[in-house]
Structures are given as C-alpha cells and as structure tokens.
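Some notes on the structure that comes next.
The values are calculated or read from the model by the stated rules, or taken from the named source; none is laboratory data. Please read these numbers as outputs of a predicted model, since none were measured by experiment. Note that each Cβ is placed from the backbone with ideal geometry, even for glycine, and that neighbours are counted across all protein chains shown.
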Amino acid sequence: MIFANGDCYVTYQQPEPIDSTKRVELEQAFEDGDHVYLRDMVTTEHTLTFYYSPIKVMEEKNTIEPGDVVIEEVGEFLTGMEFSI
C-alpha cells in the first residue's frame, strides 16, 4: 500500500518484513537512480518512506495535490524493483 504521509512524505507499507538484502538493493538503487521529485528514502522493517518537496511539485505540475504525482513516481520505482504494489 502506498499513501501520502504528511505534507512531504509518501510511504509504502507491506505486512511482511522487507528482506534485509532487498532493503540494501533498494537503498542502492535509490541512490543510483534519477528521480524527478523524490529526495530521500528511509527504510524500516515494513515500510519505505520517501521525502519530496511539495512546493516543487505544485509549481511544476500546477496542482494543489502534489502527493498524487509523487505516489505515481514511488509506484514506478517500486515496480522497477519488482515490488507488487
């Protein structure tokens, strides 16, 4: 499940723990990847939380709902990492 988590965070949460090897792969892929709006990623046992700048999204996309744009970017990143979302 992916959801907006406050003003500048989007979180992916799953019921089972994220494998530690997969977590390392995710962190490396995030660091190496090119992201439009994602600025940082924090991992926990069951979640991945992504930080973004809502002002940047709002200005570039002319929207008052920046979370939807970022949720889409998070979904694309996770799909590329073979997560089922």
**OP:** Could you list, in sequence order, all residues of the range 40-85 that are among the acidic types (D, E), in a helix (DSSP H, G or I) and over 23 Å from Q14 (Cα atoms)?
**Re:** E59, E60
Original post:
Can you tell me which of V70, V57, V10 is among the aliphatic types (A, V, I, L, M), touching a helix residue (DSSP H, G or I) at 6+ places or on another chain (Cβ under 8 Å) and without any contact (Cβ under 8 Å) to a residue 24 or more places away in the chain?
Top reply: V57
Subject >> From the options F77, F83, residue that is over 15 Å from N5 (Cβ atoms), at pLDDT 95 or above and surrounded by 15 or more Cβ atoms within 10 Å (Cβ to Cβ) >> reply: F77
**OP:** Output the residue which, of all residues in the range 41-74 that are among the polar types (S, T, N, Q) and surrounded by 13 or more Cβ atoms within 10 Å (Cβ to Cβ), is farthest from the chain's Cα centre (by Cα).
**Re:** T63
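What is the residue count in the range 13-39 for residues that are of a type in the set (A, V, I, L, M), surrounded by fewer than 16 Cβ atoms within 10 Å (Cβ to Cβ), touching a residue at least 24 places away in the same chain (Cβ under 8 Å) and assigned to a helix (DSSP H, G or I)?
So the count comes out to 1.
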